[in-house]
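Following: one structure in structure tokens, then a few remarks.
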Amino acid sequence: MNLSLVGNITQPKILRDSLSTAVAKNVIVVGLCISINYINGTLVHTFIKHEIFTGNPRYILYIHMVFNDMIQLTIAVILHVLSYAVFTINVSFCCVLLMSAIFTTLNTPLTLASMAIERYIAICNPLRHAQICTVRKTHILISLIWTLSAIQVLPDLFILLAIQPRTFFYSNIFCYRDYVFNNPYMVEKRNVVYIIYLAFVWLTIVYTYLKIMFVAKATNSDARKARSTIILHGIQLLMCMLTFAGPFLDRLLAEMFPMLILEMRFLSYLVIQIMPRFISPIVYGVRDKTFCNYLKKYLVCTMFEMRTTLQPKRNLAKVSNKST
């Protein structure tokens, strides 16, 4: 964000970036957002265009994670830019952005757990994989993921509607979760939910990894590859935990580097909000040979179409130059 609050919330001391620094930070953030979403959009397009992926539960879960990350990244960047451009925004609009960001944040660990379970079934119970992991059941699972996230998020909104006067939602506020949902009950519930979510996902990933590891000892190449995939799930979960630990990390960096609060907060923002959205989809997509091959074909075809489209224009330009 473009500011740092030093001291308590009721009497904060506001530190702000200079104009040139603010412009530079926003150019970096928006540029990264456009680049990452373009790459992820290419992955989504490749998935949609080929039936081999749309009928496979593994790739459906993968592309759901990619799409979820695109939403999360876009909202994070919108909040970042708005904090510089207008500083405060309408509370109702802020609630919409925050709720969407929280939804997608909670979706990520559950999606990782679902992907780990799918790999576990494929390796440890292959004869029943086609029966258990169907496209219809995968779509139901994705709906369940969003429902579980809603169950955890919507009560905060209902409590806010109950305790705040109507005028509050027409006022302006700096769009930060701790300023909007600042009821002590909400904060305590949020901490409990994070612990339960992360504990459940960690147990799922550790259990599936151990089970697949025992199968991998039989020199099954698919099992070995699945074991590596589960490790990636664990790495991705660690990156997700940075999102949940963001406020604590900001306070820690502020205490360690009191003269560089704004720089540390921006670095924390890049590491927590930007980099995970870039690393995980690319790693999963590139590691999968089938998906990678179709992606290369799509990129080659796109470049060929662009070349054939530009060639007549170049020829026409040459003819025009010769005529003149």
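Applying the condition of being surrounded by fewer than 18 Cβ atoms within 10 Å (Cβ to Cβ) and of a type in the set (S, T, N, Q) to the range 81-106 and asking which residue is farthest from CYS175 (Cα to Cα) yields SER100. For the range 3-15, the count of residues that are open to solvent by 60 Å² or more (accessible area, probe 1.4 Å) and either modelled with pLDDT of 90 or more or assigned to a helix (DSSP H, G or I) (or both) is zero.
Scan the range 49-58 and give yes if some residue there is in contact (Cβ under 8 Å) with a residue 60 or more places away in the chain, part of a helix (DSSP H, G or I) and buried (at least 21 other Cβ atoms within 10 Å of the Cβ), otherwise no. Scanning the range 49-58, I find at least one residue that is in contact (Cβ under 8 Å) with a residue 60 or more places away in the chain, part of a helix (DSSP H, G or I) and buried (at least 21 other Cβ atoms within 10 Å of the Cβ), so the answer is yes.
Quick grid of which residues meet (1) at pLDDT 75 or above; (2) surrounded by 13 or more Cβ atoms within 10 Å (Cβ to Cβ); (3) β-branched (Val, Ile, Thr):
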| site | (1), (2), (3) |
| --- | --- |
| PRO258 | no, no, no |
| MET264 | yes, yes, no |
| ARG277 | yes, yes, no |
| ILE282 | no, yes, yes |
| GLY285 | no, yes, no |
| TYR294 | yes, yes, no |
| LEU299 | no, no, no |
| THR308 | no, no, yes |
| SER323 | no, no, no |
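Looking across the range 159-177 at every residue that is open to solvent by 40 Å² or more (accessible area, probe 1.4 Å) and under 21 Å from the mean Cα position of the chain (by Cα), the one that is farthest from THR105 (Cα to Cα) is identified as TYR176. Scanning the range 126-136 for residues that are within 25 Å of ALA199 (Cβ to Cβ) and open to solvent by 40 Å² or more (accessible area, probe 1.4 Å) gives a single hit, ILE132. For the range 73-92, the criterion of being touching a residue at least 40 places away in the same chain (Cβ under 8 Å), assigned to a helix (DSSP H, G or I) and within 22 Å of MET213 (Cα to Cα) is satisfied by no residue at all. Confirm whether ALA122 is surrounded by 13 or more Cβ atoms within 10 Å (Cβ to Cβ), modelled with pLDDT under 90, closer than 21 Å to SER92 by Cα and out of contact with any Ser or Thr (no Cβ under 8 Å at 6 or more places or on another chain). Here the answer is no, as ALA122 does not meet what is asked. Just checking: which of the helices (runs of 4 or more DSSP H) contained wholly in the range 120-184 hold 2 or more residues that are farther than 15 Å from PRO57 by Cα and touching a residue at least 24 places away in the same chain (Cβ under 8 Å)? By residue number, 135-163, 177-180.
When ILE195 is tested against (1) within 23 Å of the chain's Cα centre (by Cα); (2) surrounded by 14 or more Cβ atoms within 10 Å (Cβ to Cβ); (3) part of a helix (DSSP H, G or I), only condition (2) is not met. Is it the case that the range 34-45 has a residue that's under 16 Å from the mean Cα position of the chain (by Cα), closer than 18 Å to LEU270 by Cβ and surrounded by 21 or more Cβ atoms within 10 Å (Cβ to Cβ)? Yes, the range 34-45 contains a residue that is under 16 Å from the mean Cα position of the chain (by Cα), closer than 18 Å to LEU270 by Cβ and surrounded by 21 or more Cβ atoms within 10 Å (Cβ to Cβ).
For beta carbons closer than 6 Å, sequence separation of 6+ or different chains, a first residue in the range 264-277 that is closer than 17 Å to ILE78 by Cα and a second that is open to solvent by less than 20 Å² (accessible area, probe 1.4 Å) and in a helix (DSSP H, G or I), the qualifying pairs are PHE266/LYS25; ILE272/GLY246; GLN273/ALA76; ARG277/ILE36; ARG277/ASP69; ARG277/LEU73. Among the residues of the range 111-134, those identified as closer than 14 Å to TRP202 by Cα and not hydroxyl-bearing (Ser, Thr, Tyr) are LEU112, ALA113, MET115, ALA116, ILE117.
The values are calculated or read from the model by the stated rules, or taken from the named source; none is laboratory data. The shown structure was predicted, so the numbers you read here are calculated from the model rather than taken from an experiment. Here the Cβ is made from the backbone with ideal geometry for all residues, glycine too, and neighbour counts use every protein chain on show. Note: accessible area is taken over every heavy atom of the protein model, side chains too, but ligands, DNA and RNA are not part of it. Shrake-Rupley method; radii C 1.70, N 1.55, O 1.52, S 1.80 Å.
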